[in-house]
Amino acid sequence: QMQLVESGGGLVQAGGSVRLSCSASGRSFSSYGMGWFRQAPEKERELVAAISSSGGITYYVDSVKGRFTISRDNAKKTVYLQMNSLKPEDTAVYYCAATTLPYSDYVRGYDYWGQGTQVTVSS
C-alpha cells in the first residue's frame, strides 16, 4: 500500500512558476514509477509527466515539454513537478500517482493516487 499527498498548488499569474510536491508513505518507494496527471473541468485526465523508479527515464506530454520538469528524491520519498512559464490552459487539478511498475507512460497503468491539488493560472 502507498499513500500519496500532494502540496504546492495555488493561484499564479501566467508566465509564473509553481513547484508541486508529492510525499509518499509506505515501503519500497524507490521501486515505484511515478507520474503527475491533471484534469481540467469537463476534460479527461491526462498524464503530464512520468519518471522511472531510478529517475533515469522521464516522459512529458507535448504541451508541457520545455516548461515542466519531473524529478524525484527517493531518500525523501518525494516526487516533484516544477512548472515554469505557466499558461491559463495549465489550470487543472494535478494528481500524483504511483505504479508498481518501474515506469509507465500509460494512463491506466497507475495503482495509487493522491487527492489532488488545484493549480489556477490567471491571464
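The values are calculated or read from the model by the stated rules, or taken from the named source; none is laboratory data. Given the structure is predicted, the values throughout are model-derived calculations rather than measurements. Side chains are part of the model used for accessible areas, which takes the heavy atoms of the whole protein and leaves out ligands, DNA and RNA. Shrake-Rupley method; radii C 1.70, N 1.55, O 1.52, S 1.80 Å.
Before moving on, here are some points about what is shown:
- Relative contact order (%) - criterion: Cα under 8 Å, at least six apart; region: the chain: 36
- Here the accessible area is traced with a 1.4 Å probe on the protein chains. For the chain, carbon and sulfur cover 46 percent of it.
- Length released on extending from L11 to A75, taking residue separation times 0.36 nm less the Cα-Cα span: 20.1 nm
- Spatial separation of Cα centroids for the stretch 17-40 and the stretch 41-56, in angstrom: 9
- 37 °C / 0.692 mPa s Stokes-Einstein diffusion coefficient of the stretch 60-123, Kirkwood radius on C-alpha pairs, µm²/s: 247
- Residues of the stretch 65-123: accessible area per residue with a 1.4 Å probe, Å²: 50
- Rg/Rh for the chain (Cα atoms only, Rh after Kirkwood) is 0.94.
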